[in-house]
Amino acid sequence: MPKPRDILVTSALPYAAGPIHLGHMLEYTQTDIWVRFQKLRGERCYYVCADDAHGTPIMLKAQQTGVTPEQLIAHWDREHRRDFADFLIGVDNYYTTHSPENRELSAYIYARLRAGGHIVERTISQAYDAEKKMFLPDRFIRGECPRCGTPDQYGDSCENCGATYSPSELKNPISVVSGTPPVQKESLHYFVRLADFESMLKGWTRAGHVHESVRRKLDEWFEAGLQDWDISRDAPYFGFEIPDAPGKYFYVWLDAPIGYMASFKQLCERTPGLDFDTFWGAESKAELYHFIGKDIIYFHALFWPAMLAAAGFRTPSAVFAHGFLTVNGQKMSKSRGTFIQARTYLDHLDPEYLRYYFAGKLGPGLDDIDLNLDDFRLRVNSDLVGKLVNIASRAAGFIHRNNDGHLAGTLPDTALYETFAGAADSIAAAYENREFARAIREIMALADRANEFVDAHKPWQLNKDPANAERVQAICTQALNLFRVLVIYLKPVLPALAAKAEKFLNIAPLRWSDLPTPLLSARINPFEPMMRRIEQKDIDAMIEASKEDLQAKPATAGSAEINIDEFGKVDLRVARVAAAEHVEGADKLLKLTLDVGELGTRTVFAGIKAAYDPATLTNRLVVMVANLAPRKMRFGLSEGMVLAAGPGGGDVFLLAPDSGAEPGMRVK
């Protein structure tokens, strides 16, 4: 037998400031299927990942929720691990970038970059929040688009017209942290001269390490000229302080990819015989693959190889980029209920439904993947329930009724079995090349042939005559062996169903090497249902649970204007959060009981669940609109609105009144 390949695989790191959604799960599912295929074939393959735990958003969110950054990232670490486990993502080590291993490796790589003369210092001017005494990332500045005039746009791009620009070009900019206009302030920053690595990077990107479409995009960046990369941020900042620069911190995108190395290093420390240098050393013969989204190609195909080369480590064997996820042909939408969190999906549907559907859509390129929910339901019901599981359910009963669960000693159609097993090379090549959609098509074509075999031989009719007992046993043994082959092929996609099939067939965990040899003269267990059909009500319930509370819609370019007198009618009051709790059946809402002083107690449903733990809100002072007409919602009557700012989702910050304020006081 050939020696197993040494393979290390990573996925992009989820940010430790919010929940996993189905857009994320596309990547982790793609990675997991590929890794499971390699392990099924007997390769020495490891899959590591980690939470991306540094940056300004995490620092600010921790402040707003009244916890330390360490407590915040520990919370999301638990949530992410739970979601991945329940989606059957078989990561070998899940870690955090806020680790001693990552601090050590980041400092080492920085020192090698500096020793090689690749670090330059330069004073730059940036947006600064004078009230909060902090420099502002682009996404924490909002204002009017300088191109189309749409209000409330990010500091780097407009969601209305698609324009990109610098924060200094925004009209009437506002800091989302304090609500005050930012000022410009100078600061010394550290840059990596990426152009120093242009020759190496051109050679690497043109040597088959990225998809052809990615290579063409990278060539455009080469033609435009590689720019110096700013790797420093000023305090306050949650991250690693630069060793020789007090008050300066590594930009999150420097230490985030190093988190791949740190996670693997921790795995090596707790796994006897697993050597870090075998996979990361400059002379490594192991294979190293990164699965990422197409939006972070620049970091992984330029910055990352440059950092590794400068520090004396090996570069990746390949960077595999994929497209984005759309739902029903459109960008995921909170208002339509199609911005679906992983946990919301898991509350309503089997994870293997989605794993299978994603596999049936995925290829090696950068095309976006659409989750059409009608097609999703029909395909899962047809392929997995109507074709795959149906083979076993049709044959198992006859084996138990007539033969006490014993399979026949021979197959009636060995040529058909050999045809099924003979598809192994083609299906393996499809998996290896990430042509999952092709693999699924070939496997389902075989499933059709298996069902045609059963239909042609009609064991239910033959079984009416006792003289046909052996023939019925042989036919059903053949059908179950065809089912077993299909399960082997689908095991990377459907590991839980494969485990159920192994229990039913009373066999050890299936391996790719089991394909040539049929299962004969063995006793199987009684058949139990392996997968149920998706009902429309399941999808409807998931969509309903995903819908945002729309009581506060953002302004748009077409919003009707109001005058100062109308605005003066808004009664803003200080309120104390007397109680905060989750809302059963609502994925985004928290129920707040607010003490508004002389105005009494109000109940408000607020769409801030992604940003706040209810336990941190009790006794907190907030600002509310006290004269908003009550709104009847599915979960009860909402009697006002709390004010918050931020990009949305997990990055929402409740506005707080001045110190010394009391419940019921007017806010002006």
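The values are calculated or read from the model by the stated rules, or taken from the named source; none is laboratory data. Note that the coordinates shown come from a computational prediction; the quantities given were computed from them, not determined experimentally. As a convention, Cβ positions derive from the backbone with ideal geometry for all residues, glycine included, and neighbour counts pool all protein chains shown. When the accessible area is computed, the model is the full protein with side chains, heavy atoms only, and any ligands, DNA or RNA have been set aside. Shrake-Rupley method; radii C 1.70, N 1.55, O 1.52, S 1.80 Å.
Among the residues in the stretch 118-125, are any acidic (Asp, Glu), surrounded by fewer than 17 Cβ atoms within 10 Å (Cβ to Cβ) and touching a strand residue (DSSP E or B) at 6+ places or on another chain (Cβ under 7 Å)?
yes
Which of the residues that make up the stretch 367-412 are of a type in the set (Lys, Arg) and under 20 Å from residue 528 (Cβ atoms)?
The answer is 387, 394, 401.
So is residue 109 crowded, with 19+ Cβ neighbours inside 10 Å, in contact with a Cys (Cβ under 9 Å, 6 or more places away or on another chain), touching a residue at least 40 places away in the same chain (Cβ under 8 Å) and not aromatic (Phe, Trp, Tyr) or not?
No; evaluated as a whole, the condition is false for this residue.
Working carefully through the options 458, 503, 464, 491, find the one that is open to solvent by less than 70 Å² (accessible area, probe 1.4 Å) and charged (D, E, K, R).
491
Scan the stretch 497-523 for residues that are among the small types (Gly, Ala, Ser) and assigned to a helix (DSSP H, G or I) and jot them down.
The answer is 498, 499, 501, 513.
Quick one: how many residues across the stretch 584-605 are under 28 Å from the mean Cα position of the chain (by Cα), in a loop (DSSP other than H, G, I, E, B) and over 23 Å from residue 16 (Cα atoms)?
Here the count works out to 2.
Looking at (1) open to solvent by 40 Å² or more (accessible area, probe 1.4 Å); (2) farther than 30 Å from residue 393 by Cα; (3) at pLDDT 90 or above, find the lone condition where residue 601 falls short.
For residue 601, the exception is condition (3).
Answer yes if at least one residue in the stretch 87-101 is open to solvent by 30 Å² or more (accessible area, probe 1.4 Å), under 30 Å from residue 428 (Cα atoms) and either part of a helix (DSSP H, G or I) or among the charged types (D, E, K, R) (or both), and no otherwise.
Within the stretch 87-101, one or more residues are open to solvent by 30 Å² or more (accessible area, probe 1.4 Å), under 30 Å from residue 428 (Cα atoms) and either part of a helix (DSSP H, G or I) or among the charged types (D, E, K, R) (or both).
Scan the stretch 155-175 and give yes if some residue there is touching a Leu at 6+ places or on another chain (Cβ under 7 Å) and touching a residue at least 40 places away in the same chain (Cβ under 8 Å), otherwise no. Even if it seems obvious, please write down each step before you answer.
Here is the first cut: in the stretch 155-175, the residues touching a Leu at 6+ places or on another chain (Cβ under 7 Å) are 155, 175.
Filter once more, so that each one left must be touching a residue at least 40 places away in the same chain (Cβ under 8 Å): 175.
Scanning the stretch 155-175 turns up at least one residue that is touching a Leu at 6+ places or on another chain (Cβ under 7 Å) and touching a residue at least 40 places away in the same chain (Cβ under 8 Å).
State which residue pairs qualify: first residue on the phi < 0 side of the Ramachandran plot and inside the stretch 339-359, second residue in a helix (DSSP H, G or I) and basic (Lys, Arg) in any location, beta carbons under 9 Å apart, and separation of 6 or more residues or different chains.
343/82; 353/377; 356/379; 357/379
Would the stretch 186-205 turn up any residue that is charged (D, E, K, R) and touching a His at 6+ places or on another chain (Cβ under 9 Å)?
Within the stretch 186-205, the subset charged (D, E, K, R) is 186, 193, 196, 198, 202.
Filter again for touching a His at 6+ places or on another chain (Cβ under 9 Å), leaving 193, 196.
Yes.
List the strands (runs of 3 or more DSSP E) inside the stretch 606-668, counting only whole elements, that have at least 1 residues being open to solvent by less than 30 Å² (accessible area, probe 1.4 Å) and at pLDDT below 85.
Numbers: elements: 621-625, 631-633, 636-638, 644-648, 651-654.
Here the list reads 631-633, 636-638, 644-648, 651-654.
So how many residues does the stretch 151-176 have that are of a type in the set (Ser, Thr, Tyr) and surrounded by 18 or more Cβ atoms within 10 Å (Cβ to Cβ)?
Within the stretch 151-176, residues that are of a type in the set (Ser, Thr, Tyr) and surrounded by 18 or more Cβ atoms within 10 Å (Cβ to Cβ) number 2.
Do you know which residues across the stretch 323-332 are touching a residue at least 60 places away in the same chain (Cβ under 8 Å) and either of a type in the set (D, E, K, R) or touching an Asp or Glu at 6+ places or on another chain (Cβ under 6 Å) (or both)?
At the first step, the residues of the stretch 323-332 found to be touching a residue at least 60 places away in the same chain (Cβ under 8 Å) are 324-325, 327, 332.
Answer for the stretch 323-332, where residues must be touching a residue at least 60 places away in the same chain (Cβ under 8 Å) and either of a type in the set (D, E, K, R) or touching an Asp or Glu at 6+ places or on another chain (Cβ under 6 Å) (or both): just 324.
In the set 411, 416, which member is at pLDDT 95 or above, more than 39 Å from the chain's Cα centre (by Cα) and outside any helix (DSSP H, G or I)?
Values: 416 fails: outside any helix (DSSP H, G or I).
On inspection, the qualifying residue turns out to be 411.
What are the residues in the stretch 197-225 that are farther than 15 Å from residue 365 by Cβ and without any contact (Cβ under 8 Å) to a residue 60 or more places away in the chain, if any?
Listed by number, the residues that qualify are 198, 199, 202, 203, 206, 207, 219, 220, 222, 223, 224, 225.
Could you say which residue among 252, 214, 183 is open to solvent by 60 Å² or more (accessible area, probe 1.4 Å), among the hydrophobic types (A, V, I, L, M, F, W, C) and out of contact with any Pro (no Cβ under 7 Å at 6 or more places or on another chain)?
Only one candidate passes the filter, namely 183.
Under the condition of being out of contact with any helix residue (DSSP H, G or I) (no Cβ under 8 Å at 6 or more places or on another chain) and free of Cβ contacts under 8 Å to residues at least 40 places away in the same chain, which residue from the stretch 423-440 is nearest to residue 512 (Cα to Cα)?
Across the stretch 423-440, the extreme among qualifying residues is 425.
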